[in-house]
Each structure stands twice: as structure tokens, then as C-alpha cells.
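Every number here is computed from the coordinates shown, using simple stated rules; none is lab data. In this text, all values refer to a predicted model and were calculated from it rather than measured experimentally. Here the Cβ positions follow ideal geometry from the backbone for every residue, glycine too, while neighbour counts run over all protein chains shown.
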Amino acid sequence: MRILPLLAFLVTLVVCCDLQSQTISNPTSQIPVIVKVFAQGDSSRLPNFIESCRREFSEHAMKLELVRPEEGYDYNIVVAQESSLGGAAAAVIALDSKGLFVASVVRSGRMSGKGAFNASAKELAKKLAALRTH
């Protein structure tokens, strides 16, 4: 009869340790921080860029919330994209709510504008995540 409570305790301990190790080894299981973003730019690919940002931000425990400028935001993200025979390029600048420079990303030599924006979104997410943890 004494073995049953001990066995139940050991099973509970193993399950709890397993859950804790999964949380530690998988940082995306964290509760995402909402990041309010006003996005603007001269590219028809802006919606593609936003979707790439949503995906990449989630990889860094951030949830992108698109807002209008009058609603208040954490970052004003300005994008530009160009394509030529040599490939596509994208430039992204992030400003804080006061209009101060926060981060920039430039990616070139991609096969398409969408590819340049995907690479830019990935790098921007890394930079903003690093800033938010410091």
C-alpha cells in the first residue's frame, strides 16, 4: 500500500520534468508579446511583407498587431522594394513611436521582391527581438 503513493509521486515528477524541459527547449512556446506596428511603403508587396513579419515575429515570441498611426504603435516600419535584371532588393527601416531610428535591414540579390522581403522580415524580427530582451 505504501508503494502506490510513491509510484503516483514519481509519475507526477516525471511528467512535470518533461513538461518543463519542453518549455525550456522550445522558446516559441512562450506567451507572445504583442508588438503594435504601423507599416508603410511604396511597394505593392507590402501585404506579403506583413505576412512574412507575422510568421517571423512569432518565431521570436512576438505577435505583430497592425495598427493605424493614430492608434499608437511600438514601431513605424517603412519598406521599399526594387527589382531589376540583376535581382530584387528590399530595404526596411524601423522607427519607434517618437520617430527615432531603431533598426534597418537591406537585402539584395534575391530572385524576387517577395524573396527580398521574406529575408528582410526574418532579419528584422531577429533585431527587434534582441532589442526587446535588452
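Every test in (1) within 18 Å of Leu128 (Cβ to Cβ); (2) without any contact (Cβ under 8 Å) to a residue 12 or more places away in the chain is passed by Ile50 save one, and that test is (2).
All conditions in (1) more than 12 Å from Cys53 (Cα to Cα); (2) touching a Phe, Trp or Tyr at 6+ places or on another chain (Cβ under 7 Å); (3) part of a helix (DSSP H, G or I); (4) among the aliphatic types (A, V, I, L, M) hold for Ala125, with the sole exception of (1). Test Ser104 against the stated conditions and say whether it is farther than 18 Å from Phe57 by Cα and surrounded by fewer than 19 Cβ atoms within 10 Å (Cβ to Cβ). Spelling it out, it is not the case that Ser104 is farther than 18 Å from Phe57 by Cα and surrounded by fewer than 19 Cβ atoms within 10 Å (Cβ to Cβ). Scanning the stretch 32-65 for residues that are surrounded by 14 or more Cβ atoms within 10 Å (Cβ to Cβ), in a helix (DSSP H, G or I) and of a type outside the set (D, E, K, R) yields a total of 8.
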